[in-house]
Amino acid sequence: MAQNFEFRDRIPAAADAVLAKMLDTAFLAEWTKVQKGLNPVVKIVEQSDAEALITIDLEEPLPKPLGNIKAHMSFRWDLVNKTMDWTREAEGSMASKAKVSGTTKIESTGDETCELVEIINISIPVPMVGKKMEQQVASYLKGGRSEKIDYLIRHL
């Protein structure tokens, strides 16, 4: 059973300004920490006028006393259309089974406003506990959403 959900957040900045922030490695490292990621290493792997590939290697905290897991995120931006596909992979027997991915679009709604639209897909195909784990991940993402968006808005 997969969890799929959509966020739509109005941002009081031009779409180009938001896109520029999404390509700023220093901002992305700090934004990852706001989202509870630990020790993020952000890299622009490749970039042209039309595309950008960004990766983030980080640690994610697990409930105590389990510690942390290593995760890798990959973000492929279509810079012309201001859309991005992303995936997340993690190490560890249970964590590696989780499939978390999504799309992001920055839609202009005026000269100095835009909407950040994110669709997130979570699938953890583990018998008996997968559905519960999917719900926990979804709850975590939804719970931290306002803090994530507030941080973005403050730094534009």
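The values are calculated or read from the model by the stated rules, or taken from the named source; none is laboratory data. For clarity, every value in this text was computed on a predicted model and none was experimentally measured. Backbone-built Cβ (ideal geometry, glycine too); neighbour counts: all protein chains shown.
What to note about this one:
- Complete set of residues in region 1-22 that are out of contact with any Lys or Arg (no Cβ under 7 Å at 6 or more places or on another chain), outside any strand (DSSP E or B) and over 22 Å from Glu89 (Cβ atoms): Pro12, Ala13, Ala14, Asp16, Ala17, Val18, Ala20, Lys21
- Enumeration of residues in region 105-155 that are among the β-branched types (Val, Ile, Thr), farther than 12 Å from Ile11 by Cα and touching a residue at least 40 places away in the same chain (Cβ under 8 Å): Ile119, Ile120, Ile122, Val137
- The one condition from (1) closer than 19 Å to His155 by Cβ; (2) without any contact (Cβ under 8 Å) to a residue 40 or more places away in the chain; (3) in contact with a Phe, Trp or Tyr (Cβ under 8 Å, 6 or more places away or on another chain) that Leu53 does not meet is (1).
For (1) in contact with a helix residue (DSSP H, G or I) (Cβ under 7 Å, 6 or more places away or on another chain); (2) within 18 Å of Lys36 (Cα to Cα), each residue gets a yes or a no:
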{"position": "Ser96", "(1), (2)": "no, no"}
{"position": "Gly102", "(1), (2)": "no, no"}
{"position": "Ile106", "(1), (2)": "yes, no"}
{"position": "Ile120", "(1), (2)": "yes, yes"}
{"position": "Gly130", "(1), (2)": "no, no"}
{"position": "Gln136", "(1), (2)": "no, yes"}
{"position": "Ser139", "(1), (2)": "no, yes"}
{"position": "Tyr151", "(1), (2)": "yes, yes"}
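- Hey, Trp77 under 22 Å from Ala138 (Cα atoms) and not β-branched (Val, Ile, Thr) or not: no
- For region 23-60, filtering for residues that are within 20 Å of Ile149 (Cα to Cα) and in a loop (DSSP other than H, G, I, E, B) leaves 5.
- Region 31-50, residues that are free of Cβ contacts under 8 Å to residues at least 12 places away in the same chain, closer than 22 Å to Ala90 by Cβ and either out of contact with any Ser or Thr (no Cβ under 7 Å at 6 or more places or on another chain) or surrounded by 17 or more Cβ atoms within 10 Å (Cβ to Cβ) (or both): Lys33
- Among (1) surrounded by 15 or more Cβ atoms within 10 Å (Cβ to Cβ); (2) more than 12 Å from the chain's Cα centre (by Cα); (3) among the aliphatic types (A, V, I, L, M), the one test that Met128 misses: (1)
- The C-beta contact set for region 75-98 (first residue more than 17 Å from Asp57 (Cα to Cα), second residue of a type in the set (Phe, Trp, Tyr) and modelled with pLDDT of 85 or more, distance under 9 angstrom, 6+ apart or interchain) comprises Thr83/Trp77; Met84/Phe75; Met84/Trp77.
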